[in-house]
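Structure first, commentary second.
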Amino acid sequence: MRVGDPCWLRAPKGSAEPFAPGTIVNVQQGGDRLTVKKQDGTEVAFDSKNADVFAANPTGTSAPDHCALLHLNEPSVLENSRARFLKDNIYTYTGKILIAINPFKEPAQIYETAMMKNYVDKDVGAKGCEPHVYAMGEAAYKYVKRHLSSSAIIMSGESGAGKTETTKHLMRYLAWRSETVSSKAEGRLDTLADAILKTNPLLEAFGNAKTVRNNNSSRFGKMMRLHFNKNGSVSGAFIKTYLLEKSRTVAITDPERNYHVFYQLLKGAPDTYKGTVAKLDPAKLHMINQSKCTTLTTIDDNVAFKSTVEAMKVLNIPDEDVQLLFTLLSSLLLLGNIEFGQDDNDKADIVNPDGLTKAEEMLKCGRLTEFLTSKKMSRGGKGDKRQSVYTIEYNKEQAETCRDAVIKAIYTNLFDWVVTKVNAFILGGDKTESLPYVGLLDIFGFENFKYNSFEQLCINFANEK
């Protein structure tokens, strides 16, 4: 670096910005010693190898690809991204990687069909084509069509960064791109695209929740596979889910919420879906009242409930199954309210048996008291005449753990059932799964909660990797 060159200085911890601009005003010892003038006029001396000073690009420099910058370092990447974002350019390349900054609005015209046409048969970074998620979709599509082999696009980032919305834009592009090569597929494509888009409210209802950073955070990983035949026409789709955050059903912290579907049930569902829960105050439901946040300004639970039911109609789920689904959800809310005490022998007992009786009726399952407060063990091998069965009584803490395990298991199976119904509708045939596909992997977002579970540790580790 030379006298007069701009530079970046690492800002003190706690500053509003991670880096501050400066100017080199003196170079000594053959360039080993630098004096930098800060914005406030003060001067600071640095060793040129100091990790707190970075070369800056000429003022006003901006590039659609970070790799094209004269100086490629952390502050330069941040400044280039910011400069583009302020001009409504939310996408920037880093080689073959696309970086997106969530504008928290729908940028005008950049997702219209006319924009899609700009990227047909174009390579990533092609002259005249601004960085765009469509370019990534085109690259994946061309690879599948040319090599008849699968490819994948991974969406990674912090919670609220826009991963799920980006996945939707890619899905729309790939469905449209497939239509351009086969007019015969148009009817199927319209149905498929409509089905996938309309299943999003259903999957979000059961798999999304409000977290500290995101009012609609995906609490599961999702791999959507769009399968293509040798002509490049889409034949069907398949969704594989990963690691649903089961613990959220029984434990939340303020100001988070449980899964959206519970609030939709309480706010928008008719009493016939709720059963006994219809007569209860939501503020007294343990699975809800662990957090003071029950409503959101950005999501109307009543409207969202209607979208969820509409999605089930698209999937041709019978009304009796819809009724059963919400009845089971209501029973989980009742189970969550079961309280345990403990006698002098440390044996758990149920404080509010009436609530358990109502849950048993809704689940059509008896003997829950015995199941929640004890377990049977056997001694001796199978077929052994000396085999004996004995009962171990739970204490209060063990009974609560068992209750929570039942809630998590039932909810997980409900979620899996929903995903199975979605796949049955969008797959398109028994042979579809053997065809090459473009995989769209939407993983959990990085988050840092007040209390971080082991699940969150794994999520954050996956993002950092």
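Of all residues in region 331-361, those satisfying the criterion of being charged (D, E, K, R) and either assigned to a strand (DSSP E or B) or within 38 Å of the chain's Cα centre (by Cα) (or both) are 339, 349, 354, 358, 360, 361. The requirement of being in contact (Cβ under 8 Å) with a residue 12 or more places away in the chain, buried (at least 19 other Cβ atoms within 10 Å of the Cβ) and in contact with a His (Cβ under 7 Å, 6 or more places away or on another chain) is not satisfied by residue 394. If we keep just the residues of region 253-264 that are buried (at least 19 other Cβ atoms within 10 Å of the Cβ) and polar (S, T, N, Q), which is nearest to the chain's Cα centre (by Cα)? Once the filter is applied, the top-ranked residue is 258. Consider residue 407 carefully, then state whether it is more than 26 Å from residue 314 (Cα to Cα), crowded, with 19+ Cβ neighbours inside 10 Å and touching a residue at least 40 places away in the same chain (Cβ under 8 Å). When the stated conditions are applied, residue 407 passes them.
Residues of region 102-150 that are of a type in the set (A, V, I, L, M, F, W, C) and not in a helix (DSSP H, G or I): 104, 108, 110, 120, 124, 126, 129, 148. Does any residue of region 365-377 turn out to be crowded, with 17+ Cβ neighbours inside 10 Å, farther than 30 Å from residue 237 by Cβ and not polar (S, T, N, Q)? The answer is yes; a qualifying residue exists. Considering region 417-435, and only residues there that are exposed (fewer than 13 other Cβ atoms within 10 Å of the Cβ) and out of contact with any strand residue (DSSP E or B) (no Cβ under 7 Å at 6 or more places or on another chain), the residue that is modelled with the highest pLDDT turns out to be 420. Among 222, 267, 240, 284, which is more than 23 Å from residue 352 (Cα to Cα), more than 20 Å from the chain's Cα centre (by Cα) and of a type in the set (Lys, Arg)? Among 222, 267, 240, 284, only 267 is more than 23 Å from residue 352 (Cα to Cα), more than 20 Å from the chain's Cα centre (by Cα) and of a type in the set (Lys, Arg). Here 161, 126, 140, 108 are screened, and the one residue that is within 20 Å of residue 226 (Cα to Cα) and either aliphatic (A, V, I, L, M) or exposed (fewer than 15 other Cβ atoms within 10 Å of the Cβ) (or both) is 140.
Within the set of pairs 6+ apart or on separate chains, which have a first residue in region 318-342 that is assigned by TED's automatic domain parsing to the domain that holds residue 259, a second that is of a type in the set (A, V, I, L, M) and exposed (fewer than 15 other Cβ atoms within 10 Å of the Cβ), and C-beta atoms under 6 Å apart? Cβ pairs passing all conditions: 339/351; 341/351.
Scanning region 426-458 for residues that are outside any loop (DSSP other than H, G, I, E, B) and out of contact with any Ser or Thr (no Cβ under 8 Å at 6 or more places or on another chain) turns up 433, 434, 441, 454, 456, 457, 458. Flag: residue 372 matches the condition of being more than 30 Å from residue 310 (Cβ to Cβ) and in a helix (DSSP H, G or I).
Quickly run through region 325-363 and pick out the residues that are in contact with a strand residue (DSSP E or B) (Cβ under 8 Å, 6 or more places away or on another chain), crowded, with 18+ Cβ neighbours inside 10 Å and of a type outside the set (A, V, I, L, M). Of everything in region 325-363, just one residue is in contact with a strand residue (DSSP E or B) (Cβ under 8 Å, 6 or more places away or on another chain), crowded, with 18+ Cβ neighbours inside 10 Å and of a type outside the set (A, V, I, L, M), namely 340. Those strands (runs of 3 or more DSSP E) of region 9-94 in which at least 1 residues are of a type in the set (Phe, Trp, Tyr), touching a strand residue (DSSP E or B) at 6+ places or on another chain (Cβ under 8 Å) and surrounded by 14 or more Cβ atoms within 10 Å (Cβ to Cβ), considering only elements entirely within it, cover 19-28, 43-47, 53-55, 91-94. Taking each residue of region 362-388 that is modelled with pLDDT of 85 or more and looking for partners that are small (Gly, Ala, Ser) with beta-carbon atoms closer than 7 Å, six or more apart or interchain, yields 362/275; 362/330; 362/331; 363/331; 368/359; 372/399; 373/348; 373/399. The lone criterion from (1) modelled with pLDDT of 90 or more; (2) charged (D, E, K, R); (3) touching an Asp or Glu at 6+ places or on another chain (Cβ under 9 Å) left unmet by residue 49 is number (1). Identify the single condition in (1) out of contact with any Pro (no Cβ under 9 Å at 6 or more places or on another chain); (2) within 24 Å of residue 214 (Cβ to Cβ); (3) aromatic (Phe, Trp, Tyr) that residue 85 does not satisfy, given that it satisfies every other one. Tallying (1) out of contact with any Pro (no Cβ under 9 Å at 6 or more places or on another chain); (2) within 24 Å of residue 214 (Cβ to Cβ); (3) aromatic (Phe, Trp, Tyr), residue 85 fails exactly one: (1).
The values are calculated or read from the model by the stated rules, or taken from the named source; none is laboratory data. Bear in mind that the values here come from a model prediction, so they are computed numbers and not experimental data. When we count neighbours, we look across all protein chains shown, and the Cβ atoms used for this are built from the backbone with ideal geometry, even at glycine.
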